[in-house]
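Here's the structure, in structure tokens; my notes come after.
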Amino acid sequence: MPKTARTAAVVLGSLGAATAIATSAPASAQTVEFPQTPSVFYGGFCWGNIRTWVDTSPDYPGRAIVNVQALPVAGFGPGQYPLAPLCNVDTTVAWRNTTTGAAGEYRLNVVSGIYGSILYAQFQDTGAGHIEVTTTTSNFNIPSRGAFDVAGPPPPPPGE
């Protein structure tokens, strides 16, 4: 076999092996961010946006971590520093598994200031399937919607 043909055969064989490995790899962790939820906050005359996103992974099948964080608020507040308000709003991330019909929600009070809020996160037992999410607040807001998929547990080995 000529040297050029041997090199081409090795390269093609390597590409085929790499493709086989890549296509048989298990599902990986995934982060899905939803549109922000604009809202008016309590504790002064404050407004801002709530970020929500989920993390899924084969390491926790049938579950998702729902994350909530407020971006910096704007407005006026009471106290010694009215231009640096500290405001809050009750936030609800409602989810529904369209595959199984299961539903749930993550409710929390988000406190935010001129630097935003801390990260709030909680596992939700969504079950495997396609999940639709709606984020709202207890004050004037524009609800946001999104969707993501949750993997189930791997199938049992043959013969079990």
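The values are calculated or read from the model by the stated rules, or taken from the named source; none is laboratory data. Worth saying up front: this structure is predicted, and the values here are computed from it rather than measured. A quick note on method: Cβ atoms are made from the backbone with ideal geometry, for glycine too, and the neighbour counts reach across all protein chains shown. Keep in mind that these areas ignore ligands, DNA and RNA; they rest on the heavy atoms of the full protein, side chains included. Shrake-Rupley method; radii C 1.70, N 1.55, O 1.52, S 1.80 Å.
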Fill in the blank from the handout: How many residues of the range 135-160 are open to solvent by 40 Å² or more (accessible area, probe 1.4 Å) and either assigned to a strand (DSSP E or B) or not hydrophobic (A, V, I, L, M, F, W, C) (or both)? The answer is 15
Fill in the blank from the handout: Among (1) under 23 Å from residue 30 (Cβ atoms); (2) crowded, with 16+ Cβ neighbours inside 10 Å; (3) at pLDDT below 95, residue 128 falls short only on (3)
Practice task
Just give me the residues in the range 72-88 being modelled with pLDDT of 95 or more, under 18 Å from residue 140 (Cβ atoms) and not in a strand (DSSP E or B), in sequence order.
Solution key: 73
Completion exercise
Log entry, pairs with first residue in the range 91-115 being assigned to a loop (DSSP other than H, G, I, E, B), second being at pLDDT below 95, beta carbons closer than 8 Å, six or more apart or on different chains, reads 114/84; 114/85
Practice task
Working carefully through the options 31, 91, find the one that is open to solvent by 80 Å² or more (accessible area, probe 1.4 Å), closer than 19 Å to residue 145 by Cα and modelled with pLDDT of 80 or more.
Solution key: 31
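Kindly evaluate residue 64 against the criterion of being of a type in the set (Gly, Ala, Ser), within 16 Å of residue 151 (Cβ to Cβ) and open to solvent by less than 20 Å² (accessible area, probe 1.4 Å).
Answer is yes for this residue.
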Exercise for the section: Output the qualifying pairs, or none if there are none: Cβ atoms under 6 angstrom, residues six or more apart or on different chains, first residue in the range 39-52 and under 13 Å from residue 143 (Cα atoms) and touching a residue at least 60 places away in the same chain (Cβ under 8 Å), second residue aromatic (Phe, Trp, Tyr) and open to solvent by 10 Å² or more (accessible area, probe 1.4 Å). Expected result: 40/47; 40/140; 52/34
